[in-house]
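As structure tokens, the structure follows; a few thoughts come after it.
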Amino acid sequence: MESNPSSPMPTPPLSMGSPIVYRMTENEFGSTFKLLSQTCQLRELQTIIREKMTSRGDFKFYADRLIRLVIEDSLNQLPFRPCRVTTPTGAAYDGVKFEKGNCGVSIVRSGEAMEQGLRDCCRSIRIGKILVESDLETHEARVVYARFPEDISKRKVILMYPIMSSGNTVNKAVRVLKDHQVMEENIVLANLFCTPHAVHSILSKFPNIKILTSEVHPIAPNHFGQKYFGTD
């Protein structure tokens, strides 16, 4: 039977390998959310990390590069103050320096992958830890362990967690920080990959927290922690 040439061609079904495309609209998440500039260099790092055939050595190398980019931009969210220094030639130079009182907090375990990147930028910075686990029966996040600098309520906090799918773990961690009298506006969440759902979940509960990430996509690379630490 001959086909009717005037009939429209049927749309082929999506295969299992078809990519999911997500387009973030302008100001979709508000002014406290920041997405890193999507340069070709950044996109290559994201691609290598998502590629299933990437060796662990390459994965860790390129993940550390991406972490460094995110940490550097996260530091830009912290307060600076003007200062004047004298150069070796005796000339005065007007510059800036960090305000004192910053610290990092990593959400164990995958957040620990970002600690060295922060230390590489801020040698003497203090870093606390939060361990959040999911209840096997209810699947709700619960805090198992938390250790912070004693004066964390007076500090600006860079909260480090590389992968966010639901936002539940980060929500619980932020709640613990607030229980320790840390103000929302003093928290900067440094993240590598997150889903739109996770961003909405966090900002709906904590609208004053700052979130900085390299990518928003419906599918997060949840293999990150296992591959980075070699437990996959």
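Things worth noting here:
- Based on C-alpha pairs under 8 angstrom that are at least 6 apart in sequence, the chain has a relative contact order of 22 percent.
- Each peptide in 38-46, 64-72 gets a packing score, the mean of other Cβ atoms within 10 Å over its residues, and the list from highest to lowest is 64-72, 38-46.
- Binning the alpha carbon pair distances of the chain at 10 angstrom intervals from zero yields the distribution 7, 29, 32, 17, 8, 4, 2, 1, 0, 0, expressed in whole percent.
- Normalised by residue count, region 92-132 yields a Cα convex hull volume of 79 Å³ per residue.
- In this rough spin-label picture, where each label sits 7 Å from Cα along the Cβ direction, the residue 85-residue 25 distance is 4.6 nm.
- At most 10 other Cβ within 10 Å, DSSP loop - GluC sites (Glu not before Pro), region 75-161: 137, 140, 150
- Label positions at residue 138 and residue 175, each projected 7 Å from the Cα along the C-beta direction, are separated by 0.9 nm.
- Among 213, 54, 86, residue whose mean-square fluctuation peaks in a GNM of the chain (springs only between Cα atoms under 10 Å): 86
- Taking a quarter of the surface of the Cα convex hull of region 114-218 gives a mean projected area of 6.9 nm².
- Near-label residues of region 136-168 by backbone N, under 15 Å of a point 7 Å along Cα→Cβ of residue 126: 147-158
- Mean separation of Cα pairs under 8 Å and 6 or more residues apart, divided by the residue count, gives region 63-154 a relative contact order of 21 percent.
- Angle between the chain longest axis and helix 56-75 axis [Cα atoms, degrees, rounded to 10]: 60 degrees
- For the chain, with all protein chains in place and a probe radius of 1.4 Å, 52% of the accessible heavy-atom surface sits on carbon or sulfur.
- Rolling a 1.4 Å probe over the protein heavy atoms gives the chain an accessible area of 59 Å² per residue.
The values are calculated or read from the model by the stated rules, or taken from the named source; none is laboratory data. Keep in mind that what you see is a predicted model, and the values were worked out from it rather than measured. Virtual Cβ from ideal backbone geometry, glycine too; neighbours counted across all protein chains shown. The protein model used for the area step is the full one, side chains on, heavy atoms only, and it has no ligands, DNA or RNA in it. Shrake-Rupley method; radii C 1.70, N 1.55, O 1.52, S 1.80 Å.
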